[in-house]
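Right, one structure below, let's go through it.
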Amino acid sequence: MSGKRALAAVALVVVAVTLFVVGRSMAAEPLRLTTTGTRYAVTVLIEDPAPGRVAAEVEVTSGDADTVTLSAVMADMGHSTPEVTAREREPGRFLAEGELFAMSGVWELSIRLDGPAGEEQLAIKALIPG
């Protein structure tokens, strides 16, 4: 009987490891997007990219932005989201919280910045997992 118990214990460990690996691979990785325009450059970090409400941190890496807003468009499906205004957490770092992606798929994320150098709208593609 001890052989059967050992085999059952090994089987349980294999199942636990498999569930852990599959669960980790299904969890969305943080999304880091970088783009540069003529007046500004930004990096957008979305820790948990998914349809629905998200928090997007925008770091202005070049230029001096006073305001930042985000919106997204999925042209192939005819979807767009209203602008989400980011609040400045510290100089050059903004946080936008809201619904940016209505469904999984490829979205074009628009980042509108305004500051002493003027207004500029940057766009970058983002793949949102399901």
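The values are calculated or read from the model by the stated rules, or taken from the named source; none is laboratory data. Predicted, not measured: the structure shown is a model, and the values here were computed from it. No Cβ is skipped: glycine too gets one built from the backbone with ideal geometry, and neighbour counts run over all protein chains shown. Please note that ligands, DNA and RNA were not included when accessible areas were found on the heavy atoms of the full protein model with its side chains. Shrake-Rupley method; radii C 1.70, N 1.55, O 1.52, S 1.80 Å.
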Which residues in the stretch 66-95 place their backbone N less than 17 Å from a point set 7 Å from the Cα of M103 along the Cα-to-Cβ direction? 72-82
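Can you give the extra length, in nm with one decimal, that the chain gains between A75 and A117 once fully stretched, where that is 0.36 nm per residue apart less the Cα-Cα distance?
Fully extending the segment from A75 to A117 adds 12.1 nm.
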How much solvent-accessible surface does V68 expose, in Å² to the nearest 10, with a 1.4 Å probe and all protein chains in place? 0
What does the accessible area per residue of the stretch 60-130 come to in Å², with a 1.4 Å probe and no ligands, DNA or RNA counted? 53
